[in-house]
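Q: Below: one structure in structure tokens.
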Amino acid sequence: MNYNTLFSCDTMWTAIGAVGQWLGALATLGAVIVALKPYKRKLKIELESVVVKLDGESQILPSAIRIYNKGYMDEKIVGFGVISSEDVNLILSEEQIKVEKSGIKRVAVKHDDVWNALRLVDNKFFRIWIQDSAGYKFYSKPYRTDKYRKMSKVLDYFN
């Protein structure tokens with residue numbers, strides 16, 4: 001084996017060129033990932049509740065859905081609803097809502113709509129979902145159903 005031909009100048013530069021091409025490709029991939037990151041949709045949903053005192057007992061009523069847009073683009077919401085832990089899906093609204101970039105939108109919900117949805121959902125947990133104009137669904141954290149079931153007394157009181 002001739003070591004002079006193994007480590008010749010041409011072979012060395014070819015190896016350095018191959019390593020350089022790999023590093024350049026990785027740098028390009030990283031730049032593409034960084035460039036596309038701002039276009040990722042980032043929506044967060046929370047159920048806003050009010051506490052009503054009735055006959056000395058506190059009751060919790062859902063009053064609104066808060067939508068936080070943490071992305072870098074405006075989002076258009078085309079519907080929202082309730083889904084149970086057993087995938088029972090109920091649509092609460094199909095109205096179109098625009099959420100500004102880095103903004104918060106509060107959407108009032110009717111107590112009766114949420115109560116009727118929870119009455120049909122016979123599980124321990126439910127989540128609120130929203131759907132944007134591109135068809136992506138975003139889900140809230142799970143909420144305990146029994147916490148909101150007690151509101152039947154309150155709704156009967158107001159009706």
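Q: Identify the residues of segment 63-101 with backbone N under 19 Å of a label point that sits 7 angstrom from the Cα of Lys42 along the Cα-to-Cβ direction, or state none.
A: 66-77, 99-101
Q: Give the calculated FRET efficiency between Ala134 and Ala31 to the nearest 0.05, with a Förster radius of 25 Å applied to their Cβ-Cβ distance.
A: Working: r = 25 Å, r/R0 = 1.00.
So the FRET efficiency works out to roughly 0.50.
Q: Going by amide H atoms built from the backbone, whose H comes under 5 Å of the H on Val109, apart from near neighbours?
A: Ala64, Ile65
Q: If you rank Phe125, Phe138, Phe80 by fewest surrounding Cβ atoms within 10 Å, what's the result? Before the final figure, lay out the partial values.
A: On the way: Phe125 15, Phe138 18, Phe80 23.
Ordered from fewest to most neighbouring Cβ atoms within 10 Å, Phe125, Phe138, Phe80 come out as Phe125, Phe138, Phe80.
Q: Here's something else I'd like to know. Whole-Hz ³J(HN,Hα) for each residue in segment 128-137, computed from phi via Karplus 6.51 cos²θ - 1.76 cosθ + 1.60 with θ = phi - 60°, x for glycine and proline: what do you get?
A: 8, 10, 10, 10, 8, 5, 7, x, 7, 9
Q: Any chance you could run the full-extension gain for Trp13 through Ile91? It's 0.36 nm times the residue separation minus the Cα-Cα distance, nm to one decimal. Let's see the in-between values first.
A: On the way: separation 78, 0.36 × 78 = 28.08 nm, distance 6.44 nm.
Additional length available on full extension: 21.6 nm.
Q: Something else about it: Using a 10 Å cut-off on Cβ atoms, rank the peptides 64-75, 26-37, 98-109 from the highest mean neighbour count down. Before the final figure, lay out each step's value.
A: Working: 64-75: 17.2, 26-37: 9.6, 98-109: 14.2.
Descending mean neighbour count gives 64-75, 98-109, 26-37.
Every number in this text was worked out from the coordinates using simple rules, so none of it is lab data. Remember, it's a predicted structure, so these values are computed and weren't measured experimentally. Glycine gets a Cβ as well: all are built from the backbone with ideal geometry, and neighbour counts include every protein chain shown.
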